[in-house]
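Chemist: Mind having a look at this structure? Questions to follow.
Bear in mind these aren't lab numbers, they're just calculated from the coordinates by the rules spelled out. Computed from a predicted structure; not experimentally measured. Methodologically, a virtual Cβ is constructed for each residue, glycine included, from the backbone with ideal geometry; neighbour enumeration extends over all protein chains shown.
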């Protein structure tokens, strides 16, 4: 572009520069951040993992990462970079700024010994060229609670006591419940106290015309076994004077079927509310199976985590596989040349090995497709049907089966 002759400088920001960095991030998304939003971002910020591109003293592009551990199929936690804050000012597009940041970040992730990078994409079309594959999906759900009724043969909830509590008073219980659930679900991250604090923050900017944050806490034998965080919005515009309010559920988690049933019933029992909306549920959500008529559960399927293998052998060895298999992969990876080439992968339920080889290739794939298949939510057979993975049908079927997961991946944490 014309009019830009300055040399751009790239570096991490300091703690003192975080607000300036976040303002640049928010502006890239078309938003002016409030003071409380800036304060919330500081709760989980890792300044040393930020990338800021400066034109003179102005930040014109940003990227960053959080330090996570993601559950892989088989239950092991894999060090993971949670990529975030990616944006480029319109005045500095088509100059290689984004490509430069993403490459720099991948090298940093590799140097830190994190085999995986993962992100939520604001624009999903962007990240495939950087090796990220669509690895999990979510359901956005709406139920008309006036017409919906729960089945009578669901889990007995008579031993569950549901209390309405202030969210900030039960952060220890939320953290304990989340930690127990994390190991059961591929794609989930263990939320530490910073992220639990972020979860229960209640600034005006988050409300969007709704109530303050509310919390149902489910207890069994005096011990918390589930929670639901939600907001309500009263409605008075229904033409016939009927209840027309809305419940927005931000999080729901339970350790037992009884707690899950009790929490769902409580959310569907709020007076003067017509619609209950869950914005992020797993694709195997229990909700349709709790209602007498599953058609009252209106769902939208959306992309969720996009995963990138940064250290290919370490990532593939870290997960477990449904059935034994033995395959030679030819992997293309232009951004991480240490991944590029031929690999002998042998795996099964008890573990895996992955080593360089000169043996004959059986399956050819870009690293993006391996990222998509990594959590077991996207089948290699599906990708082969699109032409994005190639090999003979029997090999594709065997490896696709091995890469599957009995529990669909899901990430309750947006970062």
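Chemist: Counting only C-alpha contacts under 8 Å and six or more residues apart, can you give the relative contact order of the chain as a whole percent?
Modeler: Relative contact order, the chain: 19 percent.
Chemist: Taking the C-alpha atoms of the stretch 236-386, how large are the radius of gyration and the largest Cα-Cα span, Dmax, in Å?
Modeler: Radius of gyration, then largest Cα-Cα span, for the stretch 236-386: 22.6, 74 Å.
Chemist: Here is a follow-up. Give me the extension gain from residue 17 to residue 94: residue separation times 0.36 nm, minus the current Cα-Cα distance, reported in nm with one decimal.
Modeler: The residue 17-residue 94 span can extend by a further 25.1 nm.
Chemist: Over the stretch 9-135, calculate the relative contact order: mean separation of alpha carbon pairs under 8 Å at least 6 apart, over the residue count, as a percent.
Modeler: Here the relative contact order equals 21 percent.
Chemist: Rounded to the nearest 500, what is the 222 nm mean residue ellipticity of the chain from helices alone, with -39500 (n - 2.57) per DSSP H run of 4+ residues and division by all residues?
Modeler: -7000 deg cm²/dmol
Chemist: Can you figure out the FRET efficiency of residue 158 with residue 76, using R₀ = 51 Å and their beta-carbon distance, to the nearest 0.05?
Modeler: That pair, residue 158 with residue 76, gives E of 0.85.
Chemist: Between residue 129 and residue 326, what is the label-to-label distance in nm when each label sits 7 Å out along the Cα-to-Cβ direction?
Modeler: My value for the distance between the label points is 4.1 nm.
Chemist: If you rank 57, 244 by fewest surrounding Cβ atoms within 10 Å, what's the result?
Modeler: Least crowded to most crowded, the residues run 57, 244.
Chemist: Any chance you could get the radius of gyration and Dmax over the Cα atoms of the stretch 282-363, in Å?
Modeler: 18.9, 57
Chemist: Take the Cα coordinates of the stretch 9-135, assign each an equal point scatterer, and use the Debye formula without solvent to give log10 I(q)/I(0) at q = 0.11, 0.13, 0.16, 0.22 Å⁻¹.
Modeler: Taken in order of the listed q values, log10 I(q)/I(0) reads -0.38, -0.53, -0.81, -1.45.
Chemist: Would you mind giving the average projected area, over all directions, of the Cα convex hull of the stretch 139-302 in nm² with one decimal?
Modeler: Numbers: hull surface 40.5 nm².
Seen from a random direction, the Cα hull of the stretch 139-302 projects 10.1 nm² on average.
Chemist: Can you put 43, 126, 51 in order of Cβ neighbours within 10 angstrom, beginning with the fewest?
Modeler: 43, 126, 51
Chemist: Then there is this: Please give the FRET efficiency for residue 42 paired with residue 358, using the beta carbon to beta carbon distance and R0 = 45 Å, rounded to the nearest 0.05.
Modeler: The calculated FRET efficiency here is 0.30.
Chemist: Follow-up question, since we're still on this one. With a 10 Å Cβ neighbour count serving as the proxy for reagent exposure, in which order, fewest first, do 240, 230, 374, 127 appear?
Modeler: Result, fewest neighbours first: 240, 127, 230, 374.
Chemist: What whole-number volume per residue, in cubic angstrom, does the convex hull of the C-alpha atoms of the stretch 298-415 give?
Modeler: 126
Chemist: Starting from 0.36 nm per residue, how many nanometres of slack lie between residue 212 and residue 151 once their C-alpha separation is accounted for?
Modeler: Stretched out fully, the residue 212 to residue 151 stretch lengthens by 18.9 nm.
Chemist: Follow-up. Hey, how many Å between the Cα centroid of the stretch 1-62 and the Cα centroid of the stretch 343-396?
Modeler: 38
Chemist: Considering only the stretch 9-135, what is the antiparallel percent among its DSSP beta bridges, to the nearest 5?
Modeler: 80
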